[in-house]
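Worksheet: one structure, shown below.
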Amino acid sequence: MNTTSINQSSINTADQPGWLIQGVLRHLLQLQDGELLLNLPGGSSQRVGAPAEDALQAQVHVHNQECFRKIALNGSLGAAEAYLNGDWTTDDLVSVLRIFCRNLDQLSQMERGLAALLTTAARWWHNRRRNTVDGSQRNIAEHYDLSNEFFQLFLDPTLMYSAALFERPEMTLQQASVAKLDRICQRLDVRPGDHIIEIGTGWGGWALHAAQNYGCRITTTTISRNQYELAQQRIAAAGLTDRVTVLLKDYRHLTGTFDKLVSIEMIEAVGHEFLPQYFQACHNLLKPGGRMVIQAITMPDHRYEVYRRSVDFIQRYIFPGGHLPSVRAMQQATEQGTWLQLVEAVQFPDSYALTLRHWRNAFHERLDEVRALGFDERFIRMWDYYLCYCEAAFLERAVHVGQFVWERNRYC
């Protein structure tokens, strides 16, 4: 392979300004942790980056120099869009994205200039997806109502679409999902006779497990029509309709008081501006002395303000209206009109990375069935990028996942 240093003559720039290409390559040459070998149109190649202590490296095959224009004009979103279009590929997408995660400070330079203008446009689009009651309904439908059959292709039989808990690496995904469900029940201190409210039913996995194994009653709510219907079917099939009630209702419209509350990776659909309202709703639903467990994907505190002002691939293509809170943001929200006290927090990002790897492997094993459901090659590349993007982020601690336990003051 002919590995050369890049100059404008090494790439055909007739179709677009050479300065766009040079700008992208200049930023890539600044990578400081991890190496990329870029195989370019025309047969030349360029190694960028620096050796990592763990020898993290990957090859990128650039099939269309249009990808340079996308990256120059739209930064990290442009890189994702170029992948979705097939402008570049790699045999190890997770490693490529891990290198991007390790070099966020260097790559943030690509979000300036022309890219900043398009980022502003993307931010405007994202702001239109605010999680009001009506907005939440639309946002949730775009992701969770793709089809129940689609999600069943790669989830384990519990149908839990959240981080499993791998207490041992050799555990199956289903075993790790059950371990997560049990750990939540234990942290919640579920007891026979408890009446528990769950915000975010999913497909009923936690409600089924808790009702079957802990003798409690559950009222659970979702705003996804598809999830609501399948959860009801699963609960009826398990003979648990006397213990589990499924509602199709926004959390802001819930009434009553409960012994305990659980919410598993639903807070990511709340949005920063609605965090105080969310925690006030949780507070009002809990009896004095009640306990709640929230499993949440979180953004590190030190990156939260920058994250709030930007739009990433997940928000643009996967979860419209999505927003990862930071631990500090959640704590600050609880201080606005609640008597909730954080008593425990445990994080397990490596388990989420392994969960995502299991999902991705199952997804790829059943691509023919994905296509049979009507999803095209761009959709497949989008979901591949999504699953790899998340796995890389958890491995590199660009994001975290944890179970957080709050208690309502028993005297207030």
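The values are calculated or read from the model by the stated rules, or taken from the named source; none is laboratory data. Since the model is a prediction, treat every value here as computed from it, not as a measurement. Quick reminder, even Gly has a Cβ in these numbers, built from the backbone with ideal geometry, and neighbours come from all protein chains shown.
Just one of the listed residues (Phe166, Phe151) is part of a helix (DSSP H, G or I), assigned by TED's automatic domain parsing to the domain that holds Pro349 and at pLDDT 95 or above, namely Phe151.
For the stretch 175-191, does any single residue satisfy the condition of being over 25 Å from Leu342 (Cβ atoms), small (Gly, Ala, Ser), surrounded by 21 or more Cβ atoms within 10 Å (Cβ to Cβ) and at pLDDT 95 or above? Among the residues of the stretch 175-191, at least one is over 25 Å from Leu342 (Cβ atoms), small (Gly, Ala, Ser), surrounded by 21 or more Cβ atoms within 10 Å (Cβ to Cβ) and at pLDDT 95 or above, which makes the answer yes. Screening Val96 on (1) modelled with pLDDT of 95 or more; (2) more than 22 Å from Ala353 (Cα to Cα); (3) part of a helix (DSSP H, G or I) shows it passes everything except condition (2). Only a single item in (1) free of Cβ contacts under 8 Å to residues at least 60 places away in the same chain; (2) assigned to a loop (DSSP other than H, G, I, E, B) is not met by Val190, and it is number (1). Here Ile11 meets each of (1) crowded, with 19+ Cβ neighbours inside 10 Å; (2) within 33 Å of the chain's Cα centre (by Cα); (3) at pLDDT below 80 with one exception, condition (2).
Residue check: Gln227 meets all listed conditions (1) under 18 Å from Val327 (Cβ atoms); (2) of a type outside the set (A, V, I, L, M); (3) under 21 Å from the mean Cα position of the chain (by Cα); (4) part of a helix (DSSP H, G or I) but one, namely (1).
The residue of the stretch 193-223 that is farthest from the chain's Cα centre (by Cα), among those that are in a helix (DSSP H, G or I) and within 13 Å of Asp259 (Cβ to Cβ), is Tyr214. Restricting the stretch 20-36 to residues that are outside any loop (DSSP other than H, G, I, E, B) and not hydrophobic (A, V, I, L, M, F, W, C), the residue that is farthest from the chain's Cα centre (by Cα) is Gln22.
A quick yes/no check of all residues on (1) outside the structural domain of Tyr385 (by TED's automatic domain parsing); (2) of a type in the set (Ser, Thr, Tyr); (3) buried (at least 21 other Cβ atoms within 10 Å of the Cβ); (4) not in a strand (DSSP E or B):
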| residue | (1), (2), (3), (4) |
| --- | --- |
| Leu38 | yes, no, no, no |
| Glu53 | yes, no, no, yes |
| His61 | yes, no, no, no |
| Asn64 | yes, no, no, yes |
| Cys67 | yes, no, yes, yes |
| Lys70 | yes, no, yes, yes |
| Leu73 | yes, no, no, yes |
| Leu77 | yes, no, yes, yes |
| Ala82 | yes, no, yes, yes |
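Considered as a group, the residues in the stretch 232-280 that are more than 20 Å from Arg217 (Cα to Cα) and among the hydrophobic types (A, V, I, L, M, F, W, C) include one that is surrounded by the fewest Cβ atoms within 10 Å (Cβ to Cβ), and that residue is Leu275. Among the residues of the stretch 192-214, those that are at positive phi and surrounded by 23 or more Cβ atoms within 10 Å (Cβ to Cβ) comprise Gly200, Gly202, Gly204.
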